[in-house]
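Each remark here refers to the structure printed beneath this line.
Since every read-out is calculated from the coordinates, none of them should be taken as a lab result. Here the structure is a predicted model, which means the values were calculated and not measured. Heads up, the Cβs are rebuilt from the backbone with ideal geometry, glycines too, and the neighbour counts pull from every protein chain shown.
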Amino acid sequence: MTRRILFPGSFNPFTIGHADIVDRALRLFDEVVVAVGFNESKGNNEEIEARLNSIRQHYKEESRVKVVSYSCLTTTLAQQLQVSALLRSVRSIKDYEYELQMADVNRHLTGIDTIVLFARPELASLSSSVVRELQHFGHDISEFLPQTKR
Ligand code: ADP
């Protein structure tokens, strides 16, 4: 049986912090599904496609990582994909409270557990929103994005 774990998030953008969690999860599970959640009513399919493509490009040589998008409940996707667990990460106390609540609700709804990996301390201050902010002001953000082999 394939031990598959679902890593849901916005990944806007997918950073070296997210990539580190995926790499570490690959040591524990056979397959990691990175699931980019989006709000259907907000549209902007092109932007979502670009986000999916850049994550796929990064993992093009790692067949154990799948990348999908979804706009339903995370637990609905988890059941469809028959995953063993959800994967999330905690950087701080602030993340902890949110992740605890989400994990509780998701387990209540479906019985599916959430595996939480602690962020590496050197990556714990990195967030997609900070990266977006830097990009908005024209800063080079490449050091925060996983380097894809060409
Ligand atoms: P969401 O919008 O659902 O919070 P994100 O895309 O921001 O989704 O993050 C997805 C997951 O990745 C969350 O569990 C978050 O805690 C984790 N994460 C975000 N940044 C980092 C980082 N720098 N290091 C480790 N984990 C991270």
Next item on the list: For region 43-102, would you read off the P(r) tail past 14 Å as a percentage of all alpha carbon pairs?
Entry: 70
Next item on the list: Amide H neighbours of Val90 under 5 Å, at least 5 residues apart or on other chains, H built in the peptide plane: list them.
Entry: Leu117, Phe118, Ala119
Next item on the list: For region 1-56 and region 126-150, write down the distance between their C-alpha centroids in whole Å.
Entry: 16
Margin query: Largest first and in whole Å, what are the equivalent-ellipsoid semi-axes of the chain based on the Cα gyration tensor, each being the root of 5 times an eigenvalue?
Written below: 23, 18, 17
Next item on the list: Could you work out the longest stretch of the chain that avoids the GluC sites (Glu not before Pro) located in DSSP loops with at most 13 other Cβ atoms within 10 Å?
Entry: 63-150
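Within region 1-104, report the trypsin sites (Lys or Arg not before Pro) that DSSP leaves as loop and that have at most 12 other Cβ atoms within 10 Å.
Details: sites: Arg3, Arg4, Arg24, Arg27, Lys42, Arg51, Arg56, Lys60, Arg64, Lys66, Arg88, Arg91, Lys94; in loops: Arg3, Arg27, Lys60, Arg64, Arg91.
Listed in order of number, the matching sites are Arg3, Arg27, Lys60.
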Checklist line | Cleavage-rule hits, chymotrypsin sites (Phe, Trp or Tyr not before Pro), region 83-146, DSSP coil, Cβ neighbours within 10 Å at most 11 | finding: Phe137
